[in-house]
Amino acid sequence: MYITPDLCDAYPDVAVVEPMFSNFGGHDSFGGEIVTVKCFEDNSVVKDLVGQDGTGKVMVVDGGGSLRCAMLGDMLAEKAAKSGWEGIIIYGCVRDVDVLVQTALGVQALASHPMKSNKRGIGELNLPVTFGGVTFRPGEYVYADNNGIIVSAVALKMPE
């Protein structure tokens, strides 16, 4: 379990994402190595990635901040949980929120939206993405809880 205020106290140089995200997943606290996806109103790359081994990793999805459709729903979240992903952070929306909260996965997003995204196979994997005043780089680390989201170039340990 990660507590971001304690991590900020122990590591004052971490980057803090602007407060705009809410928890939707079954795990309120999560963290791990960043894997990035950049896609706009098309979750094809997310759909492909949730089936891959995500042990120790957090998927960071730059959905362009779109509030017009959901980039993650119950079926993809369940697949991500089964594949070992620690969590998914979406600069965009999710749906099936009553099921997401029961899924063994950390999920943070801007809002919920009932409409699913398009599937045109459009999206990019593992490039730096920037939103919330922070750049998320593949191979760096992200930690999230009900207090917020922080990013670090190196893995952090909870203080004793």
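In whole angstrom, note down how far apart the Cα centers of the range 63-117 and the range 10-58 are.
Taking the Cα centre of each part, the range 63-117 and the range 10-58 sit 10 Å apart.
State the antiparallel share, in %, of DSSP beta bridges confined to the chain, rounding to the nearest 5.
On the way: 19 of 40 bridges.
Of all bridge pairs located within the chain, approximately 50 percent are antiparallel.
Among the trypsin sites (Lys or Arg not before Pro) in the range 59-160, which ones are in a DSSP loop with at most 15 other Cβ atoms within 10 Å of the Cβ? Mind listing them?
Sparse-neighbourhood loop trypsin sites (Lys or Arg not before Pro): ARG68, LYS119, ARG120, LYS157.
If you take the beta carbon distance between SER83 and MET20 as r and set R0 to 35 Å, what does 1/(1 + (r/R0)^6) give as a FRET efficiency, to the nearest 0.05? It would help to have the intermediate numbers written out before the result.
Details: r = 27 Å, r/R0 = 0.77.
The value I calculate is 0.85.
Taking the Cα centre of the chain as origin, work out the dipole magnitude from +1 charges on Lys and Arg Cβ and -1 charges on Asp and Glu Cβ, in debye rounded to 20. Show your work: numbers first, answer last.
On the way: 12 positive and 20 negative charges, 130 e Å.
So the magnitude is around 620 debye.
Taking amide H positions as placed 1.01 Å from N in the peptide plane, with prolines and chain starts having none, which residues 5 or more places from GLY25, or on another chain, fall under 5 Å of its amide H?
Under 5 Å from the amide H of GLY25: VAL107.
Can you work out the Karplus-derived ³J(HN,Hα) for every residue in the range 26-33? Use 6.51 cos²θ - 1.76 cosθ + 1.60 with θ = phi - 60°, whole Hz, and x for glycine or proline.
x, 10, 6, 10, 7, x, x, 6
Can you pull the Kirkwood radius for the range 13-121, inverse mean 1/r over Cα pairs, to one decimal in Å?
Kirkwood radius, the range 13-121: 13.3 Å.
Please give the FRET efficiency for GLU33 paired with ASP9, using the beta carbon to beta carbon distance and R0 = 30 Å, rounded to the nearest 0.05.
Once the sixth-power term is evaluated, E becomes 0.85.
Keeping all protein chains in the complex and leaving out DNA, RNA and ligands, what accessible area do you get for LEU156 with a 1.4 Å probe, in Å² to the nearest 10?
10 Å²
What's the tally of Lys pairs in the chain whose alpha-carbon atoms lie under 20 angstrom apart, where the two lysines are 8 or more places apart or on different chains?
Summing the qualifying lysine pairs gives 15.
Compare the Cα positions of LEU100, THR4, VAL46 along the charge dipole of the range 1-133 (+1 at Cβ of Lys, Arg; -1 at Cβ of Asp, Glu; about the Cα centre) and return the one farthest towards the positive end.
VAL46
Residue by residue through the range 106-121, what is 3J(HN,Hα) from phi via Karplus (6.51 cos²θ - 1.76 cosθ + 1.60, θ = phi - 60°)? Round to whole Hz and write x for glycine and proline.
x, 9, 10, 8, 6, 6, 10, 8, x, 7, 7, 7, 6, 10, 10, x
Net charge near MET75, counting Lys/Arg +1 and Asp/Glu -1 over other residues with Cβ under 12 Å of its Cβ?
Taking every Cβ under 12 Å from that of MET75, the sum is +2.
The values are calculated or read from the model by the stated rules, or taken from the named source; none is laboratory data. Since the model is a prediction, treat every value here as computed from it, not as a measurement. Please note: Cβ atoms are built from the backbone with ideal geometry, for glycine as well, and neighbour counts cover all protein chains shown. Surface areas here come from the heavy atoms of the whole protein model, side chains and all, with no ligands, DNA or RNA. Shrake-Rupley method; radii C 1.70, N 1.55, O 1.52, S 1.80 Å.
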